[in-house]
Amino acid sequence: MIIHVTDQAGENHELEGLEGWRVMEVIRDWGLNIKAECGGAMSCATCHVYVDKDWLDVVGAPSDEEEDMLDSVGDVRSNSRLCCQILCSDAIDGLKLTLASSAAKDA
């Protein structure tokens, strides 16, 4: 499965993901600029992304807990998600998202 990621510098990346992996793990393991400090435990917001509007219904709305974490960053938008909460599957093959500035390793 393929995930299309635009990094904070505006560069586009086509990443191959594996079924069942968290999108955060795919982005991190391909070496993009994402902190992902908690490793997917949803105890931070350092994997903050903006989901492309065409994919919002597919990935679904954030949980209440995820929204609480997103409230801790200053660059949250209506299409914000924590990519540790999006699992790779055939349903999201071709997913498009953009890394938020707040997710950068040097943020």
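Laboratory data are not the source of any read-out in this text; all were calculated from the coordinates shown. Computed from a predicted structure; not experimentally measured. Neighbour counts are summed over all protein chains in view; Cβ atoms, including those assigned to glycine, are modelled from backbone coordinates with ideal geometry.
Details
- Mean residue ellipticity, 222 nm, helices only, the chain: the sum of -39500 (n - 2.57) across DSSP H runs of n ≥ 4, divided by residue count and rounded to 500, is -4000 deg cm²/dmol.
- Among Gly17, Gly39, Gly74: highest mean-square fluctuation, GNM of the chain, C-alpha pairs under 10 Å: Gly74
- Sum of side-chain charges, Ala100 neighbourhood, beta-carbon under 10 Å (Lys, Arg +1; Asp, Glu -1): +1
- The DSSP beta bridges internal to the chain are antiparallel in roughly 75% of cases.
- Residue-span extension gain [Glu16 to Asp54] - 0.36 nm each, minus C-alpha spacing: 11.7 nm
- Residue among Ala61, Ala45, Ala36 with the largest mean-square fluctuation in a Gaussian network model of the chain, springs linking Cα atoms under 10 Å: Ala61
- With a Förster radius of 35 Å applied to the C-beta separation of Ala9 and Asp64, the computed FRET efficiency comes to 0.60.
- All other residues whose Cβ lies under 9 angstrom from that of Gly40 are scored, Lys and Arg at +1 and Asp and Glu at -1, for a net of 0.
- Of the labelled figures (i) 48, 33, 19; (ii) 31, 27, 24; (iii) 64, 45, 19, only one reflects Cα extents along the principal axes in Å as derived from the coordinates, namely (ii).
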